[in-house]
1. Determine the relative contact order of the chain: mean sequence separation of Cα pairs under 8 Å and six or more apart, normalised by residue count, in whole percent.
2. Could you work out which residue, out of K65, K186, K17, moves most in a Gaussian network model of the chain, that is, has the largest mean-square fluctuation with Cα springs under 10 Å?
3. For K17, list the aspartates and glutamates whose Cα falls under 19 Å from its own Cα; do not include residues on the same chain fewer than 8 positions away.
4. Just tell me, in residue order, which DSSP H segments of the chain are both 20 angstrom or longer along the helix axis (alpha-carbon based) and at least -1.0 in mean Kyte-Doolittle hydropathy.
5. Defining a contact as two alpha carbons under 8 Å apart and six or more residues distant in sequence, what relative contact order in percent does the range 143-227 show?
6. Using a ≥ b ≥ c from the Cα gyration tensor of the range 150-195 (square roots of the eigenvalues), is it rounded, prolate or oblate, where a/c under 1.5 gives rounded and otherwise the larger of a/b and b/c decides, a/b for prolate?
7. Tell me the mean residue ellipticity at 222 nm calculated for the chain from its helices only (DSSP H runs of n ≥ 4, each -39500 (n - 2.57), averaged over every residue, nearest 500).
8. Provide, in order from the shortest bin, the percent of all Cα-Cα pairs of the range 39-161 in each 10 Å bin, continuing until the bin that contains the maximum pair distance.
Amino acid sequence: MFVRKEAAMSKIELRSKILKKNKSIAEDIRSELNSNGLWCMNLIGSPGSGKTTLLEKTIPLLSKKGRCGVIEGDVKTDYDMKRIAALNIPTVQIETSGSCHLSSEMIKNVLPDFSLEELDFLVIENVGNLICPVAYDLGEDQRLVVVSITEGDEKPLKYPAAFVSADVLVVTKADLEPYVDASVKKIVDNAKSINRNIAVFVTSAKTGEGIDSLTNYISEVFSAKVE
Ligand code: MG
Ligand code: ZN
């Protein structure tokens with residue numbers, strides 16, 4: 001009993017040490033990006049929530065407002081990276097080989113692969129996971145949490161930390177609402193009950209719903225920041 005408690009303590013201490021280091025690297029990244037006039041977004045969501053598809057639809061519109069670069073995080077494979085690179089924008093893959101989140105150190109290591117002075121937006125697609133990516137600041141200016149209607153409307157209540165820390169909620173696959181036992185309104189209400197300031201965009205990559213508004217929002221927040 002005593003031994004188990006000791007072990008648990010040191011694990012907590014180790015975790016807080018790791019997070020402290022992560023935070024300090026993240027702050028450096030944020031100031032480096034901001035001093036290059038760059039705006040950074042961190043996309044968090046479960047596997048299959050539609051993060052990559054959302055980017056495939058949003059990036060071509062966002063590219064009309066500014067130059068985009070993307071960091072694709074995945075545990076294994078570069079499938080998603082190839083889909084984004086097909087949009088002809090600078091794309092860098094981080095294959096975490098088992099780690100279920102990106103850390104600021106991983107981001108720092110790939111930043112030299114971009115010409116930062118040539119970019120306006122840096123988009124990070126985190127590893128599909130709604131739990132530990134939440135604890136890791138990557139130096140982003142805004143955090144987007146992505147939830148598809150097919151995941152059910154109780155998602156915000158089950159994973160509140162993800163919604164507390166996010167600036168924006170993007171509901172995806174809204175066109176599937178008639179076929180599933182979940183409602184967009186409930187997802188939004190549940191998210192707002194946790195974080196009443198969260199900005200909300202209801203989207204469908206199939207019909208294009210909400211993609212314009214999301215893009216306009218991102219570019220408006222960006223302009224406000226750089227002015
Ligand atoms: Mg993906
Ligand atoms: Zn993790």
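Values quoted throughout were computed directly from the atomic coordinates according to the rules given, and no laboratory measurement underlies them. It should be emphasised that the depicted structure is a prediction, and the values quoted were computed from it without experimental measurement. Please note: Cβ atoms are built from the backbone with ideal geometry, for glycine as well, and neighbour counts cover all protein chains shown.
1. 23
2. In this elastic network of the chain, the residue with the biggest mean-square fluctuation among K65, K186, K17 is K17.
3. By straight Cα distance, K17 reaches E6, E27, D28, E105, D137.
4. For the chain, where a helix must reach 20 Å along its axis and average at least -1.0, the hits are 2-35, 211-226.
5. Details: 131 pairs, mean separation 25.3, N = 85.
Across the range 143-227, relative contact order equals 30 percent.
6. prolate
7. Estimated from H runs of four or more residues: -13000 deg cm²/dmol.
8. 13, 48, 33, 6, 0
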